[in-house]
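A short write-up of the structure that comes next.
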Amino acid sequence: MKRRSWEGTLCAVNAGIAIALAVKLGQHLGSPAALGATDFVALRTGWWLALADPRRLYDVASQASVERAIQLGFGSSGFVGGLLAYLHPPHLALAGSGFEWLAERWNGPAGFYLWTAGNLALAVQLVRLLRAELGASPRETFFVAVMLAGFFPLFDTLRQGQLSLLLAVSILGFINAVRGRRPLAAAAYLLIMSCKPQILPAPLIVLLWRRERRVLAAAIALGLGAALLTAAVLGPRVWIDYATHVRALDRLFGGSPARMPALHGLLARLLPAGRQTAVETFALVGWLVALATVAGVVARRRRLEQDDLRVDFAFAFAAGFLTSPHFYPHDLLLWIAPVVLILAVSRAEPARWRHRVRLVLAWPIWLVIAQVADGDGARLPVDLALVPLIIVSVWTARAAVGRAPVFSDRLPPA
């Protein structure tokens with residue numbers, strides 16, 4: 001009875017948060033000018049250039065000109081800080097060019113509404129994946145759905161028209177494909193995840209140490225094919241332009257590093273203003289150390305024949321996300337993957353399961369507190385959103401380095 005009371009209370013609060021966020025999202029969608037000042041405009045900028053002028057895809061002046069034209073279609077006055085640069089790799093620009101062809105003919109907010117409908121469909125798919133991974137009952141699935149609806153990063157993804165829902169679904173789909181011995185599907189999910197390249201090293205390290213040769217071979221073949229197709233359509237120099245221009249464009253991205261719920265953001269808050277180079281250097285070193293740690297831990301687990309793939313990937317993704325050099329609030333949706341994996345492992349221990357479930361169900365409440373306390377100005381020396389991330393990282397680290405019994409890699413029943 002006590003457990004029901006805890007879960008019911010948290011669910012009721014999460015439902016209230018979800019309703020408030022839904023009202024706020026509805027107001028946002030009803031303002032075309034507000035839609036013209038979102039990350040979706042930066043995505044459309046890259047897609048338009050891929051469609052019409054791929055040689056200038058990573059040219060600052062061209063991006064600024066196209067972005068301004070798109071914003072005029074929304075009736076927007078533009079971004080306060082100027083250009084919000086398109087930073088994603090060329091193959092995403094090519095993949096999105098078909099959507100841009102459609103959005104350009106509708107102009108204004110219609111394209112954003114279509115994109116939002118796709119994101120809502122992905123949110124439903126995410127709940128289905130979480131239910132299957134946890135083997136959740138209908139009641140538990142309801143709690144998961146309400147928690148997700150009140151999760152601020154979901155609202156932020158929908159408000160900004162971002163890719164985080166697609167990436168979260170792809171990460172869980174990738175893990176299921178590896179466990180289900182479907183190398184081509186796993187490779188396809190990796191290709192989608194490569195739209196945010198800093199995600200890839202951690203899972204690739206796990207695949208290498210686990211000797212998933214078929215998945216790696218399929219990923220190499222599919223990735224090479226995508227790269228060659230992109231070069232053939234957008235021009236052979238597009239990959240060189242991306243490699244040589246993305247760092248300069250990143251400085252024009254418009255997002256403050258201090259807002260990153262990751263090591264990079266923590267360093268940006270703690271180090272004196274004007275030390276951006278030092279912050280970036282320390283953040284990069286921290287990320288590389290984390291990836292090396294992932295390699296060491298997975299290698300040790302292989303030697304000890306601790307073969308639960310869920311633990312390997314939960315630890316790898318948590319370490320990668322916590323130290324990622326480019327990770328903004330909407331990307332917190334990606335943490336759903338390590339959280340649900342470690343919860344699934346914990347289900348065999350009822351006391352630990354109940355404790356962790358309560359903490360996860362309280363996550364939306366904590367993020368509201370963090371948002372109110374910190375705001376958009378990064379007022380606090382430490383982002384409060386880091387607290388649950390560190391807790392989850394500790395869970396995954398304990399599971400990865402402990403001498404837990406060997407679990408099966410078989411998929412749970414749907």
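I'm trying to understand the selection: among the residues of the range 150-192, which are among the β-branched types (Val, Ile, Thr) and touching a Pro at 6+ places or on another chain (Cβ under 9 Å)?
The answer is 171, 175, 178.
Just checking, does the range 187-201 include any residue being without any contact (Cβ under 8 Å) to a residue 24 or more places away in the chain and either of a type in the set (Gly, Ala, Ser) or over 19 Å from residue 321 (Cβ atoms) (or both)?
The answer is no, given that none of the residues of the range 187-201 is without any contact (Cβ under 8 Å) to a residue 24 or more places away in the chain and either of a type in the set (Gly, Ala, Ser) or over 19 Å from residue 321 (Cβ atoms) (or both).
Based on what the data block shows, is residue 70 outside any loop (DSSP other than H, G, I, E, B), under 28 Å from residue 364 (Cβ atoms) and either aliphatic (A, V, I, L, M) or in contact (Cβ under 8 Å) with a residue 40 or more places away in the chain (or both)?
No: the conditions fail for residue 70.
Need the failing condition index for residue 86 against (1) in a helix (DSSP H, G or I); (2) under 30 Å from residue 55 (Cα atoms); (3) in contact (Cβ under 8 Å) with a residue 40 or more places away in the chain, just the number.
Checking residue 86 against (1) in a helix (DSSP H, G or I); (2) under 30 Å from residue 55 (Cα atoms); (3) in contact (Cβ under 8 Å) with a residue 40 or more places away in the chain, the one that fails is (1).
Looking at this structure, is residue 340 closer than 22 Å to residue 146 by Cα, assigned to a helix (DSSP H, G or I) and open to solvent by 10 Å² or more (accessible area, probe 1.4 Å)?
For residue 340, the condition - closer than 22 Å to residue 146 by Cα, assigned to a helix (DSSP H, G or I) and open to solvent by 10 Å² or more (accessible area, probe 1.4 Å) - is not met.
Which condition does residue 58 not pass, out of (1) at pLDDT 90 or above; (2) open to solvent by 20 Å² or more (accessible area, probe 1.4 Å), if it passes all the others?
Just one mismatch for residue 58, condition (2).
In the list 329, 338, which residue meets the criterion of being out of contact with any Leu (no Cβ under 8 Å at 6 or more places or on another chain), closer than 30 Å to residue 280 by Cα and modelled with pLDDT of 95 or more?
On inspection, the qualifying residue turns out to be 338.
For residue 209, indicate whether it is open to solvent by 50 Å² or more (accessible area, probe 1.4 Å), over 22 Å from residue 47 (Cα atoms), out of contact with any Asp or Glu (no Cβ under 6 Å at 6 or more places or on another chain) and not polar (S, T, N, Q).
The answer is yes for residue 209.
Within the range 209-243, how many residues are of a type in the set (D, E, K, R), over 17 Å from residue 190 (Cα atoms) and either in contact with a Pro (Cβ under 9 Å, 6 or more places away or on another chain) or part of a helix (DSSP H, G or I) (or both)?
Number satisfying all stated conditions: 1.
Within the range 247-266, can one find any residue that is at negative phi, hydroxyl-bearing (Ser, Thr, Tyr) and either in contact with a strand residue (DSSP E or B) (Cβ under 8 Å, 6 or more places away or on another chain) or surrounded by fewer than 14 Cβ atoms within 10 Å (Cβ to Cβ) (or both)?
no
Pull up the range 42-67, narrow it to residues that are among the basic types (Lys, Arg) and in contact (Cβ under 8 Å) with a residue 40 or more places away in the chain, then point me to the one that is farthest from residue 157 (Cα to Cα).
Ranking the qualifying residues of the range 42-67, first place goes to 55.
What's the total number of residues in the range 282-308 that are surrounded by fewer than 20 Cβ atoms within 10 Å (Cβ to Cβ), touching a helix residue (DSSP H, G or I) at 6+ places or on another chain (Cβ under 7 Å) and either among the aliphatic types (A, V, I, L, M) or within 16 Å of residue 402 (Cβ to Cβ) (or both)?
5
Tell me which of these residue 373 doesn't satisfy, since it passes every other one: (1) exposed (fewer than 13 other Cβ atoms within 10 Å of the Cβ); (2) under 20 Å from residue 8 (Cα atoms).
Among (1) exposed (fewer than 13 other Cβ atoms within 10 Å of the Cβ); (2) under 20 Å from residue 8 (Cα atoms), the lone unmet condition for residue 373 is (2).
Take the range 131-149 and flag every residue that is open to solvent by less than 30 Å² (accessible area, probe 1.4 Å), at pLDDT below 95 and either among the acidic types (Asp, Glu) or within 30 Å of residue 44 (Cβ to Cβ) (or both).
If the condition is that a residue be open to solvent by less than 30 Å² (accessible area, probe 1.4 Å), at pLDDT below 95 and either among the acidic types (Asp, Glu) or within 30 Å of residue 44 (Cβ to Cβ) (or both), then 133 is the only one that fits.
Give 279, 246 a once-over and let me know the one that is within 26 Å of residue 383 (Cα to Cα), part of a helix (DSSP H, G or I), in contact (Cβ under 8 Å) with a residue 12 or more places away in the chain and among the β-branched types (Val, Ile, Thr).
Residue meeting the stated conditions: 279.
The values are calculated or read from the model by the stated rules, or taken from the named source; none is laboratory data. None of these values were measured; they are calculated from a predicted model. Every residue, glycine among them, receives a Cβ derived from its backbone with ideal geometry; neighbour counts consider all protein chains shown. Protein only, heavy atoms only, side chains kept; ligands, DNA and RNA dropped before computing areas. Shrake-Rupley method; radii C 1.70, N 1.55, O 1.52, S 1.80 Å.
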